[in-house]
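A short worksheet on the structure shown next.
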Amino acid sequence: MKSKEKEERPVDNSPIDLVLRPTKWDEYVGQEKAKVNLRLIIDAAKKRGESCDHVLLYGQAGLGKTTLAHIIAREMNAQIKVTTGPALEKAGDVAAILSNLEASDVLFIDEAHRINKLVEEILYPALENRKLHFVVGKGPAARTFSLDLPPFTVIAATTKVNLLSNPLRSRFGATIRLDYYIESDIEKIIRRSAGILGAPIDEDAVAALSRASRKTPRTANRLLKRSRDYAEVHGNGSITKEAVEETLKLLEIDALGLEKTDRELLEGLILKYNGGPAGIKALAAALSEETGTIEDVYEPFLIGIGMLERTAAGRIATKKAYEHLGIKKEGLV
């Protein structure tokens, strides 16, 4: 019976992450403030018959910035062209992309904080006046030309909005922040994804996955897929709470979503530095990690769940961190 059910499932050769990605507003769960602001911008642009204003999306990785960019393009009935900040190394790279845009196209730039600063100067007039300025030749023979660009929309996404220069940030008509998701929204996402994957799932399993998801849809879907694998290999294909717990053990993730490195960071801070304060470079050396990785990947989540505090003197482990790790501290109430 089990094999028959598998044969009857529709076959989709698209990557699973693309299959799970929402394509319409009513499929996109959470981020209500962001959706209200974006829908207002889109509806107003459609009513005027104009292209949508330029949009800057920022927030931690896995919160849905790329998904929103594709939904915006779909709502505007526009073609979307995708690139990344690191790919725009030279002025010619930007000029080639901009000169090939057609009316109403959407250009999505991921990791916008990694755009070369010299390249940014090409973007300024393009964003503000739809003009592409470029120089042909060198020295005294160099000549500057201008090209009029069709109406288009740039959607930029970044995890480090502070690294974008002020001139670039100011040229976006809307700056939208995406926050960590609440648990009930993550549960809705898990149920939807499980349905798409054709994987039966218990409510207890949904709750367990939600708690371990680090409040991000990307992580929730990743853990769901691994739990489905475990349930198919070691069970009857139905995702139970036990299957989720065993999957988390294999991945070295605890019930609150802390990974091995998260726990090592907190334990190092507590045991080596008496709970802090400790400098980021000292922690990075103790963990053999890059400071940027700690600041971008681990700290935001630990701060968000109240286990770590970032102060002027350094990082401090909170009472909640001691309790979660089962470490006693003298005088800790």
So Lys90 and Asp43, fully extended at 0.36 nm per residue minus their Cα-Cα distance, gain in nm 13.4 nm
If r is the Cβ-Cβ distance from Lys33 to Leu250 and R0 is 51 Å, what FRET efficiency results, to the nearest 0.05?
-> 0.90
What percentages, rounded to whole numbers, describe P(r) for the range 20-108 computed over all alpha carbon pairs with 5 Å bin width beginning at zero?
-> 2, 12, 23, 23, 19, 12, 7, 1
Mind checking the full-extension length gain between Arg310 and Ser184? Use 0.36 nm per residue of separation minus the Cα-Cα distance, one decimal, nm.
-> 42.6 nm
A chain fully extended from Arg192 to Phe145 at 0.36 nm per residue, minus the present Cα-Cα distance, gains in nm 11.8 nm
Restricting attention to the range 86-194, which GluC sites (Glu not before Pro) occupy a DSSP loop and are surrounded by at most 12 other Cβ atoms within 10 Å?
-> Glu102
Consider the candidate values [x] 23.5, 79; [y] 20.1, 62; [z] 23.0, 74; state which one is Rg and Dmax of the Cα atoms in Å computed from the structure displayed.
-> [x]
Accessible area per residue of the chain at 1.4 Å probe, in Å²?
-> 53
XL table Lys24/Lys117; Lys24/Lys47; Lys160/Lys320; Lys35/Lys249; Cα-Cα > 25 Å flagged, in table order, is Lys24/Lys117; Lys160/Lys320; Lys35/Lys249
Do me a favour and compute the ellipsoid semi-axes for the range 248-333 from its Cα gyration tensor, root of five times each eigenvalue, largest one first, whole Å.
-> 18, 17, 11
What's the angle, to the nearest 10 degrees (0 to 90), between helix 217-234's Cα axis and the longest principal axis of the chain?
-> 50
Rounded to the nearest Å, the spacing of the alpha-carbon centers of the range 178-229 and the range 48-86 is 24
Cβ-defined net charge surrounding Asp179, 14 Å radius [Lys, Arg +1; Asp, Glu -1] | +3
Quantify, in whole percent, the carbon and sulfur part of the accessible surface of the chain (1.4 Å probe; protein heavy atoms only).
-> 50
Specify the longest stretch of the chain that does not include any exposed loop site, a site being one of the trypsin sites (Lys or Arg not before Pro) with a non-H, G, I, E, B DSSP assignment and at most 11 other Cβ atoms within 10 Å.
-> 139-327
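The values are calculated or read from the model by the stated rules, or taken from the named source; none is laboratory data. As the structure is a computational prediction, the values presented were derived from the model and not from experiment. As a convention, Cβ positions derive from the backbone with ideal geometry for all residues, glycine included, and neighbour counts pool all protein chains shown. To get the accessible areas, we keep the full protein, side chains included, count just its heavy atoms, and leave off ligands, DNA and RNA. Shrake-Rupley method; radii C 1.70, N 1.55, O 1.52, S 1.80 Å.
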